[in-house]
Amino acid sequence: MPRSYPLPVEVDQTLVEFGERLALRRRMVGLTQADLAEQVGIGLSTLTAIERGDAGTSIGAVARVLWGLNVLSDLDTIVTFETSDPLLIERIDDVPKRVRRRKSK
């Protein structure tokens, strides 16, 4: 069985706040939890977990909720790179497709 580590406090708090903002957005557009869950094709318990900030929900379910609230495009702003960034321009071809652990000797 994989080892489970507790979430850092900052991560846990961020997820709770994120869920609260999603719930606020849902209420602002006048949707019930049941309506939004049905609209985006997830279970009511999954939506409830997302709005509580439960770390166990899938990124796919979160993306569906963002889509249902018409804010999916905001997801694209989380990790961005400036194409004019000299470091990026110089090193983009050197970034490996994947990173593997080094073998210990």
Inside the stretch 68-99, the number of residues satisfying the requirement of being in contact (Cβ under 8 Å) with a residue 12 or more places away in the chain and either basic (Lys, Arg) or closer than 28 Å to Pro8 by Cβ (or both) is 3
Picking from Arg52, Arg25, Arg3, the residue that is basic (Lys, Arg) and within 20 Å of Asp74 (Cβ to Cβ) would be Arg25
Subset of the stretch 1-60, residues basic (Lys, Arg) and modelled with pLDDT of 95 or more, comes to Arg21, Arg25, Arg26, Arg27, Arg52
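The values are calculated or read from the model by the stated rules, or taken from the named source; none is laboratory data. Model, not experiment: these values are computed from the prediction. Methodologically, a virtual Cβ is constructed for each residue, glycine included, from the backbone with ideal geometry; neighbour enumeration extends over all protein chains shown.
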